[in-house]
1. Can you find, within segment 91-109, the residue that is nearest to Glu137 (Cα to Cα) among those that are open to solvent by 10 Å² or more (accessible area, probe 1.4 Å) and under 15 Å from the mean Cα position of the chain (by Cα)?
2. When you look at Lys142, is it open to solvent by 80 Å² or more (accessible area, probe 1.4 Å), touching a residue at least 24 places away in the same chain (Cβ under 8 Å), more than 19 Å from Ala53 (Cα to Cα) and not small (Gly, Ala, Ser), yes or no?
3. Does segment 60-72 contain at least one residue that is hydroxyl-bearing (Ser, Thr, Tyr) and either farther than 25 Å from Ser143 by Cα or open to solvent by 30 Å² or more (accessible area, probe 1.4 Å) (or both)?
4. If the requirement is being of a type in the set (A, V, I, L, M), closer than 17 Å to Lys194 by Cβ and modelled with pLDDT of 95 or more, which of these qualifies: Ala53, Ala19, Ala33?
5. Got a number for residues in segment 167-181 being touching a residue at least 40 places away in the same chain (Cβ under 8 Å) and surrounded by 13 or more Cβ atoms within 10 Å (Cβ to Cβ)?
6. Looking at Thr127, is it free of Cβ contacts under 8 Å to residues at least 60 places away in the same chain and either in contact with a His (Cβ under 8 Å, 6 or more places away or on another chain) or open to solvent by 80 Å² or more (accessible area, probe 1.4 Å) (or both)?
7. Please specify each residue of segment 137-154 satisfying the condition of being closer than 17 Å to Ser72 by Cα and assigned to a loop (DSSP other than H, G, I, E, B).
Amino acid sequence: MKKLFIIAAMSLMSMGAFAQQMFVKPMVGGTLATITGDYTDDCKMKLGLAAGAEFGYMIAPQFAVTAGALVSMQGTGIKDNDRTTDYSTTLTYLNIPILANYYIIPGLAVKAGVQPGFLLAKKEKYTRNGHEHENTEKDGLKSLDLSIPLGLSYEISDFVIDARYNLGLSNLIDDDHTDYSQKNSVIMLTIGYKIPF
């Protein structure tokens, strides 16, 4: 009976230690995005929103892995040189960042990984010669976007300030519609709250 009690106590202690190694982090913030590649000389950065959550596991005191689900507004704006057309497109993605986090010092981590993204919506707006137009069709765009997130995060108590650059790898344009290449380029800044469990 005594042995059984000791085993049960040790199991509870190990479960508690394991629980402290896992966390979930709701996060919200903004994006500064544009599109790079062919025929993008007139593209400019545009602001958007980002929100979601990440799940993390501390493998060691200095190393963690995280995986998340973030809804992110990306896209670009364009001002034609002739000043007759203003153009803006918002591409809303469900991004799944999978990251390795290395803590240089307690609270400060560098991170890198891979991020598949799934196109949820497109909203294209343009004004030509004083007339406004809108298009929400996703025809001609790939539904899957792959990028490499690189960044830094800093923890203050349980709050986490996170800055990332998402380097687009995938051509946004469907191969059946064109032979040129355009890619997402996104800076993202968020604040999250780390909840261990």
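The values are calculated or read from the model by the stated rules, or taken from the named source; none is laboratory data. This is a predicted model, so every value here is computed, not measured. Positions of Cβ are generated from backbone atoms using ideal geometry, with glycine treated the same way; all protein chains shown enter the neighbour counts. What goes into the accessible areas is simple: the full protein's heavy atoms, side chains included, and nothing from ligands, DNA or RNA. Shrake-Rupley method; radii C 1.70, N 1.55, O 1.52, S 1.80 Å.
1. Looking only at segment 91-109, we keep the residues that are open to solvent by 10 Å² or more (accessible area, probe 1.4 Å), and these are 92, 94, 96, 98, 100, 102-108.
Still in the running and under 15 Å from the mean Cα position of the chain (by Cα): 92, 94, 96, 98, 100.
Working: Thr92: 13, Leu94: 17, Ile96: 23, Ile98: 29, Ala100: 36 Å.
Here the residue is Thr92.
2. Values: open to solvent by 80 Å² or more (accessible area, probe 1.4 Å): no; touching a residue at least 24 places away in the same chain (Cβ under 8 Å): yes; more than 19 Å from Ala53 (Cα to Cα): yes; not small (Gly, Ala, Ser): yes.
No: the conditions fail for Lys142.
3. Narrowing segment 60-72 to residues hydroxyl-bearing (Ser, Thr, Tyr): 66, 72.
Within this subset, residues satisfying the condition of being either farther than 25 Å from Ser143 by Cα or open to solvent by 30 Å² or more (accessible area, probe 1.4 Å) (or both) are none.
No, the conditions are met nowhere in segment 60-72.
4. Values: Ala19 fails: modelled with pLDDT of 95 or more; Ala33 fails: closer than 17 Å to Lys194 by Cβ.
Going through Ala53, Ala19, Ala33 in turn, just one is of a type in the set (A, V, I, L, M), closer than 17 Å to Lys194 by Cβ and modelled with pLDDT of 95 or more: Ala53.
5. Here is the first cut: in segment 167-181, the ones touching a residue at least 40 places away in the same chain (Cβ under 8 Å) are 168, 171-172, 180-181.
Within this subset, residues satisfying the condition of being surrounded by 13 or more Cβ atoms within 10 Å (Cβ to Cβ) are 168, 171-172, 181.
Going through segment 167-181 one residue at a time, the tally reaches 4.
6. Details: free of Cβ contacts under 8 Å to residues at least 60 places away in the same chain: yes; either in contact with a His (Cβ under 8 Å, 6 or more places away or on another chain) or open to solvent by 80 Å² or more (accessible area, probe 1.4 Å) (or both): yes.
When the stated conditions are applied, Thr127 passes them.
7. Residues of segment 137-154 that are closer than 17 Å to Ser72 by Cα, as a first pass: 138, 141-151.
If the condition is that a residue be closer than 17 Å to Ser72 by Cα and assigned to a loop (DSSP other than H, G, I, E, B), then Lys138, Lys142, Ser143 are the ones that fit.
Quick grid of which residues meet (1) closer than 20 Å to Lys46 by Cα; (2) among the polar types (S, T, N, Q):
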site	(1), (2)
Asp86	yes, no
Thr89	yes, yes
Thr92	yes, yes
Pro97	no, no
Ala100	no, no
Val114	no, no
Lys122	yes, no
Gly130	no, no
Ser143	no, yes
